[in-house]
Amino acid sequence: MSFDNKRLSFTKEGNHYTAIIDPKKDGFYNIAGYEIAANYPLEYREIGFNEDMGAHIGECNGSVRNFEEAKTLLLGDIKANSVRVVNEPASAKMPFIIASLIIFLGEVILRRLRQRKMKAA
């Protein structure tokens, strides 16, 4: 197997084989039919979290939530946005079509009955 035209070097770790890849830019890559994603350049991995960011967000009337609160709010938003009310116009034609069909069939039946009575008489 290869990545960026370089042969991958695998090492055995317990019951697993491991290879290290170094994507130079973010995006999607395909290795032997398996799709992987590189989200950001590796030099950004060790930057860390700015401890003062919560205070800055609070100054702008925002709020910082922990993971569980964010997950609960996100799930609530997903549920609220997944239900949609659709106003479709309801057709009032069908009762009139059925009524006219019944009247037509009733008239045809009455004509046939009258014809049979006239033939019998």
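The values are calculated or read from the model by the stated rules, or taken from the named source; none is laboratory data. This is a predicted model, so every value here is computed, not measured. All Cβ positions, glycine included, derive from the backbone under ideal geometry; neighbour counts span all protein chains shown.
If the requirement is being without any contact (Cβ under 8 Å) to a residue 12 or more places away in the chain, touching a Lys or Arg at 6+ places or on another chain (Cβ under 9 Å) and surrounded by 10 or more Cβ atoms within 10 Å (Cβ to Cβ), which of these qualifies: Leu110, Leu101, Leu105, Leu73?
Working: Leu110 fails: touching a Lys or Arg at 6+ places or on another chain (Cβ under 9 Å); Leu101 fails: touching a Lys or Arg at 6+ places or on another chain (Cβ under 9 Å); Leu105 fails: touching a Lys or Arg at 6+ places or on another chain (Cβ under 9 Å).
Result: Leu73 is the single residue among Leu110, Leu101, Leu105, Leu73 that is without any contact (Cβ under 8 Å) to a residue 12 or more places away in the chain, touching a Lys or Arg at 6+ places or on another chain (Cβ under 9 Å) and surrounded by 10 or more Cβ atoms within 10 Å (Cβ to Cβ).
Scan region 9-19 residue by residue and report those that are out of contact with any strand residue (DSSP E or B) (no Cβ under 9 Å at 6 or more places or on another chain) and not charged (D, E, K, R). Explain how you work it out, then say what you get.
Keep residues of region 9-19 that are out of contact with any strand residue (DSSP E or B) (no Cβ under 9 Å at 6 or more places or on another chain), which gives 9, 13-16.
Correct list: Ser9, Gly14, Asn15, His16.
The residues in region 31-65 that are closer than 30 Å to Arg7 by Cβ, in a loop (DSSP other than H, G, I, E, B) and not hydrophobic (A, V, I, L, M, F, W, C) can be counted, and the count is 6.
When restricted to residues that are surrounded by 10 or more Cβ atoms within 10 Å (Cβ to Cβ) and of a type outside the set (Phe, Trp, Tyr), region 35-54 contains 6.
With respect to being surrounded by 10 or more Cβ atoms within 10 Å (Cβ to Cβ), more than 30 Å from Ile21 (Cα to Cα) and at pLDDT 85 or above, Ile57 falls outside the description. Test Leu73 against the stated conditions and say whether it is over 30 Å from Asn5 (Cα atoms), under 29 Å from the mean Cα position of the chain (by Cα) and of a type in the set (A, V, I, L, M). Yes.
For residues in region 81-114 being assigned to a helix (DSSP H, G or I) and of a type in the set (Ser, Thr, Tyr), which is modelled with the highest pLDDT? Steps first, please.
Within region 81-114, the first condition is being assigned to a helix (DSSP H, G or I), and the residues that meet it are 81-82, 93-114.
Going one step further and asking which of them are of a type in the set (Ser, Thr, Tyr), we end up with 82, 100.
Working: Ser82: 83, Ser100: 97.
Applying the filter and picking the extreme gives Ser100.
Restricting attention to region 1-34, the residues that are modelled with pLDDT of 85 or more, of a type in the set (Gly, Ala, Ser) and surrounded by fewer than 10 Cβ atoms within 10 Å (Cβ to Cβ) total 2.
Quick check, is Glu68 part of a helix (DSSP H, G or I) and either of a type in the set (Phe, Trp, Tyr) or surrounded by fewer than 10 Cβ atoms within 10 Å (Cβ to Cβ) (or both)? Taking the combined requirement at face value, the residue satisfies it.
For region 36-59, the criterion of being in contact with a strand residue (DSSP E or B) (Cβ under 9 Å, 6 or more places away or on another chain), free of Cβ contacts under 8 Å to residues at least 24 places away in the same chain and of a type in the set (Asp, Glu) is satisfied by no residue at all.
For region 1-30, which residues satisfy the criterion of being among the β-branched types (Val, Ile, Thr) and in a loop (DSSP other than H, G, I, E, B)? Hits for region 1-30 are Ile20, Ile21.
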